[in-house]
Amino acid sequence: MSKIKISELFYSIQGEGRYMGVPSIFLRTFGCNFTCDGFGMPRGEKSLERVQVALVDEETPFKNYKDLPLVNTGCDSYASWDPNFKHLSPLYEVSALAEGIVDLLPHKTWHDEHLVITGGEPLLGWQRSYPELLDQDAMIRLRHLTFETNGTQKLTPEFKNYLIAWSDRYTKQREVTFSVSAKLPVSGEKWEEAILPEVVCDYEKVGYTYLKFVIASEEDLVDARQAVQQYRNSGFKGPVYIMPIGGVERVYSLNNRRVAEMAMREGWRYSDRLQVPLFKNEWGT
């Protein structure tokens with residue numbers, strides 16, 4: 001039986017993108033190919049907040065995610081990939097994981113709720129385990145599956161074929177979505193490693209796919225325009241969302257209206273981050 005290393009498993013509402021407000025189970029896998037230490041920092045500088053949290057952990061080890069502090073800069077889900085916090089993420093057998101997922105549903109069975117597989121980066125090595133998870137009896141009535149990905153990981157041929165077959169099993173009742181949070185230079189990641197249109201275009205062959213960019217300044221907007229053009233030149237047809245930077249409310253509230261106005265100006269879609277004003281972006285929300 002396959003196993004998946006899980007950072008968080010919780011029930012909340014979707015706070016971003018196309019399905020804002022939809023009740024969802026969030027399955028956060030461990031591991032990522034990026035660190036995104038540039039968020040909230042001057043260009044060229046990297047955040048040290050998660051490093052400082054790790055130093056505190058050495059003195060008084062954290063026992064679970066709820067004990068971890070939120071950060072103002074860098075990746076707001078740092079513990080889902082930083083090896084310093086790997087001990088907080090257990091390995092689940094897919095059968096136990098499926099039961100745990102359904103147990104979080106308000107009626108203990110699927111109705112309108114979505115399953116959101118996020119990270120970290122959920123399309124790393126776990127692709128091989130997802131078919132076994134989705135084929136569990138507890139998951140049969142699931143109708144909508146979203147992958148929140150950074151858009152850099154190719155789908156394996158086996159998993160791609162599986163997802164197409166999974167969608168077709170209940171015609172017009174099942175849908176796979178790829179919510180692609182492509183990383184602009186504001187994240188601190190390299191353009192040539194983060195903006196990979198050919199990968200994202202391949203997602204469109206499987207399910208509904210859209211781009212989602214974090215924006216903090218006019219400079220970021222210029223980068224987003226360039227990235228969108230690069231994706232369009234490669235054949236990408238999906239919509240584009242931009243959303244404000246800020247994993248804590250103080251930072252988020254400084255630029256949410258400005259980013260909404262940018263979206264209006266560009267003719268793109270604005271995405272809020274409902275988990276910030278509603279739940280203060282606490283772990284498990």
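For the range 240-269, which positions are at pLDDT 95 or above and under 17 Å from the mean Cα position of the chain (by Cα)?
Passing the criteria: V240, Y241, I242.
Scan W110, W166 and give me the residue that is of a type in the set (F, W, Y) and either surrounded by 21 or more Cβ atoms within 10 Å (Cβ to Cβ) or under 15 Å from Y203 (Cβ atoms) (or both).
None of the other options fit; the residue is W166.
Is it the case that Y203 is crowded, with 21+ Cβ neighbours inside 10 Å, more than 18 Å from the chain's Cα centre (by Cα) and within 17 Å of F178 (Cβ to Cβ)? Let's see the steps before the verdict.
Details: crowded, with 21+ Cβ neighbours inside 10 Å: yes; more than 18 Å from the chain's Cα centre (by Cα): no; within 17 Å of F178 (Cβ to Cβ): yes.
So Y203 fails the test.
Just to verify a result, which residue in the range 139-151, among those that are surrounded by 21 or more Cβ atoms within 10 Å (Cβ to Cβ) and not hydrophobic (A, V, I, L, M, F, W, C), is nearest to the chain's Cα centre (by Cα)?
E148
Please go through the range 222-242 and pick out each residue that is out of contact with any strand residue (DSSP E or B) (no Cβ under 6 Å at 6 or more places or on another chain), surrounded by 13 or more Cβ atoms within 10 Å (Cβ to Cβ) and of a type in the set (A, V, I, L, M).
The one that is out of contact with any strand residue (DSSP E or B) (no Cβ under 6 Å at 6 or more places or on another chain), surrounded by 13 or more Cβ atoms within 10 Å (Cβ to Cβ) and of a type in the set (A, V, I, L, M): A227.
Quick grid of which residues meet (1) aromatic (F, W, Y); (2) outside any loop (DSSP other than H, G, I, E, B); (3) closer than 28 Å to D168 by Cβ; (4) in contact with an Asp or Glu (Cβ under 7 Å, 6 or more places away or on another chain):
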{"site": "V206", "(1), (2), (3), (4)": "no, no, yes, no"}
{"site": "E219", "(1), (2), (3), (4)": "no, yes, no, no"}
{"site": "R257", "(1), (2), (3), (4)": "no, yes, no, no"}
{"site": "M262", "(1), (2), (3), (4)": "no, yes, no, no"}
{"site": "G284", "(1), (2), (3), (4)": "no, no, no, yes"}
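Residues of the range 16-35 being touching a strand residue (DSSP E or B) at 6+ places or on another chain (Cβ under 9 Å), of a type outside the set (A, V, I, L, M) and in a loop (DSSP other than H, G, I, E, B), which ones?
The first filter runs over the range 16-35 and keeps only residues touching a strand residue (DSSP E or B) at 6+ places or on another chain (Cβ under 9 Å), leaving 16-31.
Checking the rest, the ones that are also of a type outside the set (A, V, I, L, M) come to 16-19, 21, 23-24, 26, 28-31.
Across the range 16-35, the qualifying residues are E16, G21, F30, G31.
What's the number of the condition V53 fails, among (1) β-branched (V, I, T); (2) closer than 17 Å to F30 by Cβ; (3) touching a residue at least 40 places away in the same chain (Cβ under 8 Å)?
Result: V53 fails condition (3) only.
Might you let me know whether the range 178-195 holds any residue that is of a type in the set (D, E), touching a residue at least 24 places away in the same chain (Cβ under 8 Å) and in a helix (DSSP H, G or I)?
The answer is yes; a qualifying residue exists.
Consider only pairs whose beta carbons are under 6 Å apart and that are at least six residues apart or on different chains; among these, list those whose first residue lies in the range 261-283 and is free of Cβ contacts under 8 Å to residues at least 60 places away in the same chain and whose second residue is outside any helix (DSSP H, G or I).
Filtered contacts from the range 261-283: A263/I242; A263/Y270; W268/V240; W268/I242; R269/P239; R269/Y241.
Restricting to the range 59-86, name every residue that is over 21 Å from the mean Cα position of the chain (by Cα) and closer than 22 Å to K5 by Cβ.
Matches in the range 59-86: P61, F62, K63, D67.
Does V51 count as farther than 27 Å from P131 by Cβ, touching a helix residue (DSSP H, G or I) at 6+ places or on another chain (Cβ under 9 Å), β-branched (V, I, T) and not in a loop (DSSP other than H, G, I, E, B)? First the steps, then the outcome.
Numbers: farther than 27 Å from P131 by Cβ: yes; touching a helix residue (DSSP H, G or I) at 6+ places or on another chain (Cβ under 9 Å): yes; β-branched (V, I, T): yes; not in a loop (DSSP other than H, G, I, E, B): yes.
The answer is yes for V51.
Okay, residues lined up against (1) surrounded by 11 or more Cβ atoms within 10 Å (Cβ to Cβ); (2) at negative phi; (3) among the hydroxyl-bearing types (S, T, Y):
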| residue | (1), (2), (3) |
| --- | --- |
| E45 | yes, yes, no |
| Y65 | yes, yes, yes |
| T73 | yes, yes, yes |
| D76 | yes, yes, no |
| S80 | yes, yes, yes |
| P83 | no, yes, no |
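Considering only residues of the range 81-101 that are in contact with a Leu (Cβ under 9 Å, 6 or more places away or on another chain) and among the aliphatic types (A, V, I, L, M), which is modelled with the lowest pLDDT?
L88
I need the full set of residues from the range 165-177 which are in a loop (DSSP other than H, G, I, E, B) and of a type in the set (V, I, T), in order please.
T171
The values are calculated or read from the model by the stated rules, or taken from the named source; none is laboratory data. Values in this document were obtained by computation on a predicted structure and should not be read as measured data. All Cβ positions, glycine included, derive from the backbone under ideal geometry; neighbour counts span all protein chains shown.
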